[in-house]
Amino acid sequence: MGASVFGGVEMDKIYLNDATLWSGEPVDPNMNPEAYKNIPAIREALKNEDYKLADQLQKQVQGKFSESFAPLGTFSIDFKHKGAFHKYYRELNIADAMSKVTYEIDGVTYSREYLVSNPAKVMVIKLSSNKKGALSFEINFKSLLKHNFSNSNNTLQAKGYAPIKAEPNYRGNMPNAVVFDEQKGTRFTALFSVKNTDGVISSSDSTISLNAGTEALVFISVATSFNGFDKNPLQKASMMWQLQSSN
């Protein structure tokens with residue numbers, strides 16, 4: 001799981017991704033069994049410093065185009081700030097996997113701490129103000145992938161799927177460059193929840209809000225149905241979503 005934190009004041013955007021969320025389907029790992037037969041000719045061309053020929057020949061040992069990494073989506077925190085900000089400070093601590101943002105508005109200091117834990121498979125964002133009741137915000141999620149929302153007990157769930165085909169952009173303007181199929185492709189589930197110390201939490205089908213709080217934790221968890229380059233991701237997706245339904 002990865003997150004790119006932009007650190008905006010009025011609205012913070014965080015690009016979310018998962019290393020296993022790709023377009024495409026399982027491929028035949030032995031798609032070019034005769035590839036090895038071209039190696040002697042490539043070596044000979046390189047020996048003769050005929051690099052143009054070597055480049056042409058090496059295409060005979062390649063497989064099909066790889067598919068495309070699919071960014072999960074954009075998580076946003078919309079703060080209900082009014083007035084100009086001062087003393088903006090931002091840092092990234094690689095050793096502790098921690099990012100921080102602090103700033104001041106109308107004499108109130110706001111702070112954010114972002115942490116991604118690989119063992120826990122979760123991202124946690126701590127939001128706080130040094131004045132009681134000064135913290136208000138709304139969280140939401142958007143994605144270019146096909147998805148839908150549900151909300152239960154102030155936990156927002158986004159479920160969707162990646163395309164079965166996504167041509168690389170360096171191939172130019174191609175027809176049907178991106179193809180989705182509801183019955184195929186890698187699935188994903190993203191969960192978002194807010195735990196507050198005070199204030200009032202409310203939610204809609206696609207948002208969760210905190211009004212007049214002082215401190216809150218935002219939890220983000222992501223999972224995909226990828227279960228191997230040579231296995232159908234729908235098999236794991238069926239098991240994953242059945243488990244979520246039973247819980």
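The values are calculated or read from the model by the stated rules, or taken from the named source; none is laboratory data. Quick caveat: nothing in here was measured; it's all calculated off a predicted structure. For neighbour counting, all protein chains shown are included, and Cβ atoms are generated from backbone atoms with ideal geometry for every residue, glycine included.
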Residue tally, condition surrounded by 15 or more Cβ atoms within 10 Å (Cβ to Cβ) and in contact with an Asp or Glu (Cβ under 6 Å, 6 or more places away or on another chain), over the range 185-211: 2
Evaluate the range 48-56: report whether one residue or more is at pLDDT 90 or above and in contact with a Ser or Thr (Cβ under 8 Å, 6 or more places away or on another chain). no
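Out of Asp12, Asp18, I need the residue that is closer than 21 Å to Lys121 by Cα and either polar (S, T, N, Q) or surrounded by 14 or more Cβ atoms within 10 Å (Cβ to Cβ) (or both). Which one? If you could, list the steps in order and put the result at the bottom.
Numbers: Asp12 fails: closer than 21 Å to Lys121 by Cα.
The unique qualifying residue is Asp18.
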Filter the range 164-188 for residues that are within 13 Å of Pro233 (Cα to Cα) and of a type in the set (Val, Ile, Thr) and give the result. Ile164, Thr186
Looking across the range 123-144 at residues that are under 16 Å from the mean Cα position of the chain (by Cα) and under 24 Å from Gly199 (Cα atoms), the single one that is surrounded by the most Cβ atoms within 10 Å (Cβ to Cβ) is Ile139
Near pairs, Cβ below 8 angstrom, 6+ apart or cross-chain, from the range 1-21 (farther than 19 Å from Ser221 by Cα and touching a residue at least 60 places away in the same chain (Cβ under 8 Å)) to any residue that is loosely packed, with under 14 Cβ neighbours inside 10 Å and of a type outside the set (Val, Ile, Thr): Gly7/Arg90; Val9/Phe85; Val9/Tyr88
Residue match in the range 87-109 (condition: surrounded by 13 or more Cβ atoms within 10 Å (Cβ to Cβ) and either over 30 Å from the mean Cα position of the chain (by Cα) or not assigned by TED's automatic domain parsing to the domain that holds Pro168 (or both)): yes
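Among the residues of the range 57-90 satisfying the criterion of being of a type in the set (S, T, N, Q) and at pLDDT 90 or above, which is nearest to Thr189 (Cα to Cα)?
Applying the filter and picking the extreme gives Thr74.
Have a look at Ala177, Ala166 and point out the one that is surrounded by 14 or more Cβ atoms within 10 Å (Cβ to Cβ), of a type in the set (Gly, Ala, Ser), farther than 25 Å from Lys82 by Cα and without any contact (Cβ under 8 Å) to a residue 60 or more places away in the chain.
Going through Ala177, Ala166 in turn, the sole match is Ala177.
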Which of the residues belonging to the range 84-117 are under 17 Å from Ile14 (Cβ atoms) and part of a loop (DSSP other than H, G, I, E, B)? Ala97
Could you please give the count of residues in the range 38-62 that are assigned to a loop (DSSP other than H, G, I, E, B) and either surrounded by fewer than 12 Cβ atoms within 10 Å (Cβ to Cβ) or assigned by TED's automatic domain parsing to the domain that holds Thr207 (or both)? 3
What are the residues in the range 177-191 that are touching a helix residue (DSSP H, G or I) at 6+ places or on another chain (Cβ under 8 Å) and either in a strand (DSSP E or B) or acidic (Asp, Glu) (or both), if any? Arg187, Thr189
